[in-house]
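Contents: one structure, followed by commentary.
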Amino acid sequence: MGSGNLKRCPYCAEFIQGAAIVCRFCGRDLPKENNHANSSFAESMGYFTGHCIARWGFGVCFAVIAGIFILFLILVGNFKSNTPPRLPQNSISSVHAPVSTPAPTPTNQTPVSTMKYDPVAKYGKEKVDAANKVMNLVKQDCNVFVDGGLVVEMSRYINDKNDLLGYVTAIANADAILFGSARSIFVYDPSKKLIASADAFRGIRLRD
């Protein structure tokens with residue numbers, strides 16, 4: 001009898017005939033060999049079980065096998081918890097359903113980006129009226145226009161630096177309220193010399 005026709009019993013680890021369905025040593029029914037991998041695993045476990053019982057006794061062997069089984073359940077549980085859920089078969093068609101086109105925005109609604117600046121809503125009517133009064137007085141006394149910023153060409157000289165600083169500060173504050181944000185301001189004396197400037201980053205500066 002050649003060793004090629006023999007196999008190990010998965011329960012007692014004794015060699016038996018390859019075609020045997022019952023072990024002649026332990027009397028147990030042998031599992032069907034539908035899957036080679038399952039047969040090899042069962043054979044290995046049977047050999048391990050028999051070897052464990054023969055060496056350490058049934059109690060120790062049972063504890064080891066129980067520990068392996070619990071570890072297997074933990075690993076299977078972790079694998080299932082990390083696996084993304086699959087869509088049910090009846091919901092697959094809904095994934096490819098055509099997306100409905102959203103209704104167009106009503107034309108009577110003005111986009112936020114194009115809304116007109118309202119200084120009264122931001123600062124209140126009292127501050128806006130005061131700012132308009134300052135700018136009207138400046139326009140009566142100076143030539144005011146926009147060219148890369150607000151340009152103020154004075155018709156008279158202001159020799160006192162404190163008075164000049166207060167004058168330019170009033171213009172800058174009024175313009176920020178009416179315009180909506182601080183912008184560059186350039187103030188020239190009657191000789192067209194730049195004597196003061198203001199912007200949002202460096203504030204108000206008097207020029208020598």
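FYI, it's all coordinate maths here, none of it is from the lab. In this text, all values refer to a predicted model and were calculated from it rather than measured experimentally. Every residue, glycine among them, receives a Cβ derived from its backbone with ideal geometry; neighbour counts consider all protein chains shown.
Karplus-based coupling profile of the stretch 127-138, in residue order and whole Hz: 5, 5, 5, 5, 5, 4, 5, 4, 5, 5, 5, 5, with θ = phi - 60° in 6.51 cos²θ - 1.76 cosθ + 1.60 and x standing for Gly or Pro.
The simple spin-label model puts a point 7 Å past each Cα toward its Cβ; for Tyr123 and Ile74 those points are separated by 7.1 nm. Partners of Lys7 within straight-line reach, counting lysines whose Cα lies under 20 Å from its Cα and excluding those fewer than 8 residues away in the same chain: Lys32. Between Phe179 and Ala19, the modelled label-to-label distance comes to 10.4 nm, taking each label 7 Å out from Cα in the direction of the beta carbon.
Using modelled amide H (1.01 Å from N, peptide plane; none on Pro or chain starts), what sits under 5 Å from the amide H of Ala196, excluding residues fewer than 5 places away? Answer set, sorted by chain and number: Val187, Arg207. Subtracting the Cα-Cα distance of Asp147 and Asp160 from their residue separation scaled by 0.36 nm leaves 2.0 nm. In order along the stretch 147-153, the Karplus-derived 3J(HN,Hα) couplings, from 6.51 cos²θ - 1.76 cosθ + 1.60 at θ = phi - 60°, round to 7, x, x, 8, 9, 10, 9 Hz, and Gly and Pro are given as x.
Between amide H atoms placed 1.01 Å from N, distances below 5 Å from Arg28 occur with Cys23, all of them 5 or more places distant or on a separate chain.
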